Amino acid sequence: MDTRKKMHLTKGPLAGRHAIVTGASRGIGAAIADALAEAGARVTALSRSGGSDTQSIRHVQLDLSDGNSMQNVTPKLFALGGRLDVLVNAAAISLPAVVAGDLEGEMRRMRRTLEVDVVAPYALTLAAVPLLAESPCGSIINVTSINSARGFPGNPPYVTAKSALAGLTRALAVDLAPMGIRVNSIAPGYVRTAMTENSYADLKLRSQRQRHTLLERWGRPDEIADVAMFLASDLSSYMTGQELVVDGGWTINGLTNLSNS
Ligand code: NAP
């Protein structure tokens, strides 16, 4: 058994630091919570479904799309620890497309996506700023996507949301720099999680995405988490306002390998 996950570490690049990670019930958010805890941080993990607590990770259930819960839970969340060094906004939704012509349905989809993927990270950030400003090493990490700088078919709400979150990252980097808070984002490429399970299960879609990726494979959540650990730690102490693309070379590839289908 890996005892590192069971015991709270007093050493490591994040020893003594406190982090909040949203979307930490599964996938990339859960991997980030684990990585920060393994680096020595105490982590508060947010999601609707929660998870099993460890010595370093405490799960709190919160629906980021529910304004009332946000208003009730958020102040308690930030009062509890009394210290906050890292906020990771990893939670997001990408909703299935609605039937063509259903304008009302599409507007609901747009509003809900923006609420969870953009408004909630902004609200949490504003709530976190007073504590992060007291930290000597405040760091905010927003998980965007390769969608933040590219157009993709069939999902305007998600593409819009991720572009907005990348913009919010830059805006907040400017506004929060005087308080010593760094704000960066990570743009993952194709990573196998619940969010991408449909395209991964479809062999044609899986292979199309794989062939366009220079490293010729899908990414793993822990490979995104390693970069989050870097951005949370002093290893990135002179970086702010940046979006790190972690996509196996997907975005810089000009020509998909068609011979390998
Ligand atoms: P995932 O497996 O679907 O996980 C999403 C997380 O967000 C879950 O923990 C979920 O928890 C939480 N969440 C969703 N709605 C919520 C709400 N209303 N309130 C609170 N928590 C909520 O997705 P993932 O692939 O790990 O994605 C993580 C991040 O990476 C997202 O920002 C996503 O856009 C980004 N990303 C992923 C990929 C990829 O290929 N997987 C690529 C680019 C970017 P509950 O359901 O328990 O609430």
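The values are calculated or read from the model by the stated rules, or taken from the named source; none is laboratory data. Only a predicted model underlies this, so the values are computations on that prediction, with no experimental measurement involved. Note that we place each Cβ from the backbone using ideal geometry, even for glycine, and neighbour counts take in every protein chain shown. We work out accessible area using only protein heavy atoms, side chains counted, and drop any ligands, DNA or RNA first. Shrake-Rupley method; radii C 1.70, N 1.55, O 1.52, S 1.80 Å.
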Problem set entry | With every protein chain in place, segment 150-257: carbon and sulfur % of accessible area (1.4 Å) | 57 percent
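Take the alpha carbon gyration tensor of segment 13-78, find the square roots of its eigenvalues, order them as a ≥ b ≥ c, and report rounded if a/c is under 1.5; if not, report prolate when a/b exceeds b/c, else oblate. Walk me through the numbers on the way to the answer.
Working: a/c = 2.38, a/b = 1.62, b/c = 1.46.
Prolate, because a/c is 1.5 or more and a/b exceeds b/c.
Counting only heavy atoms of protein chains, what accessible area per residue, in Å², does the chain have with a probe of 1.4 Å?
That works out to 50 Å² for each residue.
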Exercise. If you count, for each residue, the other Cβ atoms within 10 Å and average over each peptide, how do 241-247, 191-197 line up from highest to lowest?
Worked result: 241-247, 191-197
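From the alpha carbon gyration tensor of segment 201-253, can you work out the equivalent ellipsoid semi-axes (sqrt of 5 times each eigenvalue) and give them in Å, largest to smallest?
Details: eigenvalues 153, 29, 11 Å².
Semi-axes from the Cα gyration tensor: 28, 12, 7 Å.
Translational diffusion coefficient, Stokes-Einstein: compute it for segment 115-233 using the Kirkwood radius over C-alpha pairs as Rh, at 25 °C and 0.890 mPa s, and state it as an integer in µm² s⁻¹. Show your work: numbers first, answer last.
Working: Rh = 15.7 Å.
In µm²/s, the coefficient rounds to 156.
Restricting to Cα atoms and excluding each atom paired with itself, what does the Kirkwood estimate give for segment 133-175 in Å?
Numbers: mean 1/r = 0.0865 Å⁻¹.
About 11.6 Å for segment 133-175.
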For this session: Kindly rank 118-127, 171-180, 32-41 from highest to lowest mean number of other beta carbons found within 10 Å of each residue.
Result: 32-41, 118-127, 171-180
For this session: Note down the Stokes-Einstein diffusion coefficient of segment 1-148 in µm²/s, whole number, using a Kirkwood radius over alpha carbon pairs, 25 °C, and 0.890 mPa s.
Result: 153 µm²/s
Exercise. If you average over every viewing direction, what projected area does the convex hull of the Cα atoms of the chain give, in nm²?
Worked result: 14.9 nm²
Problem set entry | Degrees separating the helix 67-81 axis from the principal Cα axis of the chain, which is the longest one | 40 degrees
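What's the tally of Lys pairs in the chain whose alpha-carbon atoms lie under 30 angstrom apart, where the two lysines are 8 or more places apart or on different chains? Intermediate results must be reported in sequence, preceding the final value.
On the way: K5/K76; K6/K76; K11/K76; K76/K162; K162/K204.
So the count of such lysine pairs works out to 5.
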Exercise. What whole number of Å gives the distance from the Cα centroid of segment 113-159 to the Cα centroid of segment 39-63?
Worked result: 19 Å
Seminar exercise, completed: Net charge near D226 (other residues with Cβ under 13 Å of its Cβ; Lys, Arg +1; Asp, Glu -1) is -3
Exercise. Order of 162-169, 11-18 by packing, highest average Cβ count within 10 Å first?
Worked result: 162-169, 11-18
Exercise. Based on the alpha-carbon gyration tensor of segment 109-181 and its eigenvalue square roots a ≥ b ≥ c, which shape applies: rounded if a/c is under 1.5, prolate if not and a/b is larger than b/c, or oblate?
Worked result: prolate
Exercise. What is the list of residues in segment 91-107 whose amide nitrogen lies under 13 Å from a point 7 angstrom out from the Cα of A123, following Cα to Cβ?
Worked result: none
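Expected output is a single nm value to one decimal: the length gained when fully extending between L103 and R217, i.e. 0.36 nm times separation in residues minus the C-alpha distance. What is it?
Details: separation 114, 0.36 × 114 = 41.04 nm, distance 3.69 nm.
Computed gain between L103 and R217 is 37.3 nm.
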Exercise. Size of the dipole of segment 132-219 about the Cα centre, Lys and Arg at +1 and Asp and Glu at -1 on the beta carbon, nothing else charged, in debye to 20?
Worked result: 400 debye
Seminar exercise, completed: Computed about the Cα centre, the charge dipole of the chain from +1 Lys/Arg and -1 Asp/Glu charges at the Cβ has a magnitude in debye, to the nearest 20, of 300 debye
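Using helices alone, what [θ] at 222 nm do you get for the chain, with -39,500 (n - 2.57) per DSSP H run of 4 or more residues, divided over all residues and rounded to the nearest 500?
Details: 8 runs with 102 residues, N = 261.
That comes out to -12500 deg cm²/dmol.
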For this session: Relative to the longest principal axis of the C-alpha atoms of the chain, give the angle of the C-alpha long axis of helix 27-38, reported between 0 and 90° and rounded to the nearest 10°.
Result: 30 degrees
Exercise. So how far apart, in nm, are the two label points at L203 and A133 if each is 7 Å from Cα heading toward Cβ?
Worked result: 5.8 nm
Seminar exercise, completed: Tilt, helix 221-232 to longest principal axis of the chain (alpha-carbon atoms), in degrees rounded to tens, equals 40 degrees
Exercise. How long, wide and thick is segment 52-126, going by the Cα atoms along their three principal axes, in whole angstroms, largest first?
Worked result: 49, 24, 19
